[in-house]
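Comments concern the structure below.
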Amino acid sequence: MSFADTIQGALHQGLMEKAMDQARAAAERGEVPVGAILVDAAQNAILASAGNRVEELNDPTAHAEMLVIREATARTGTPRLEHCDLYVTLEPCPMCATAISFARVRRLYYGAYDPKSGGVDHGPRIFQQATCHHAPEVYGGISETEAAELLRAFFQERR
């Protein structure tokens with residue numbers, strides 16, 4: 001592994017840790033613990049960060065990914081986020097994967113795989129559909145164990 005690869009790995013881990021902080025905050029609010037960070041890769045700046053707020057806002061679309069996309073497009077004044085990378089703690093669902101495609105997000109990095117409700121590497125595999133106009137580069141399994149354990153603990157407390 002080269003020095004550049006080591007630096008890149010540390011950068012991704014640090015950004016995923018910020019997404020994990022958002023997921024932990026969501027869990028404290030009683031939300032499913034999913035967090036997301038949207039980064040302007042050209043400027044190395046975080047544009048938006050959020051955790052799920054479905055229960056708080058009584059909005060089934062208030063997933064972390066949707067919230068950061070909404071905030072970033074409002075901040076940038078454009079519906080396209082072509083120079084942006086999304087870090088999320090759980091494989092996006094089909095709704096979020098479609099929004100990621102519509103926003104033209106450059107790269108998607110996610111933590112835990114979601115065989116039951118995922119829409120990227122599981123389920124409908126949105127980015128592999130012929131009707132998908134834009135497919136980001138996808139990197140799954142970053143901080144997978146930590147993200148999966150947070151979700152497992154959250155749901156065990158509710159059973």
The chain: antiparallel bridges as % of DSSP beta bridges, rounded to 5, reads 60 percent
Pairwise centroid distance, computed over Cα atoms, of segment 118-152 with segment 56-90, Å: 16 Å
Over the heavy atoms of His63, what accessible area does a 1.4 Å probe trace out, to the nearest 10 Å²? 50 Å²
Based on DSSP H runs of at least 4 residues, each adding -39500 (n - 2.57), what is the mean residue ellipticity at 222 nm of the chain after dividing by all its residues, to the nearest 500 deg cm²/dmol? -13500 deg cm²/dmol
If you place +1 on the Cβ of every Lys and Arg, -1 on the Cβ of every Asp and Glu, and leave all else neutral, what size is the dipole of segment 4-86 about its Cα centre, to the nearest 20 Debye? 140 debye
Leaving ligands, DNA and RNA out of it, rank Thr145, Thr61 by accessible area with a 1.4 Å probe, largest first. Thr145, Thr61
Could you calculate the contour length gain from Gln128 to Thr145, that is, 0.36 nm times the residue separation minus the distance between their Cα atoms, to one decimal place in nm? 3.5 nm
How charged is the neighbourhood of Leu86? Take every other residue with its Cβ under 9 Å from the Cβ of Leu86, and add Lys/Arg as +1 and Asp/Glu as -1. 0
With the contact rule set at Cα under 8 Å and sequence spacing of 6 or more, what percent relative contact order holds for segment 50-93? 29 percent
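The values are calculated or read from the model by the stated rules, or taken from the named source; none is laboratory data. Since the structure is predicted, the reported quantities are computational estimates derived from the model, not experimental observations. All Cβ positions, even for glycine, are placed from backbone atoms using ideal geometry, and neighbour counts span all protein chains on display. Ligands, DNA and RNA are excluded from the accessible area calculation, which covers all protein heavy atoms including side chains. Shrake-Rupley method; radii C 1.70, N 1.55, O 1.52, S 1.80 Å.
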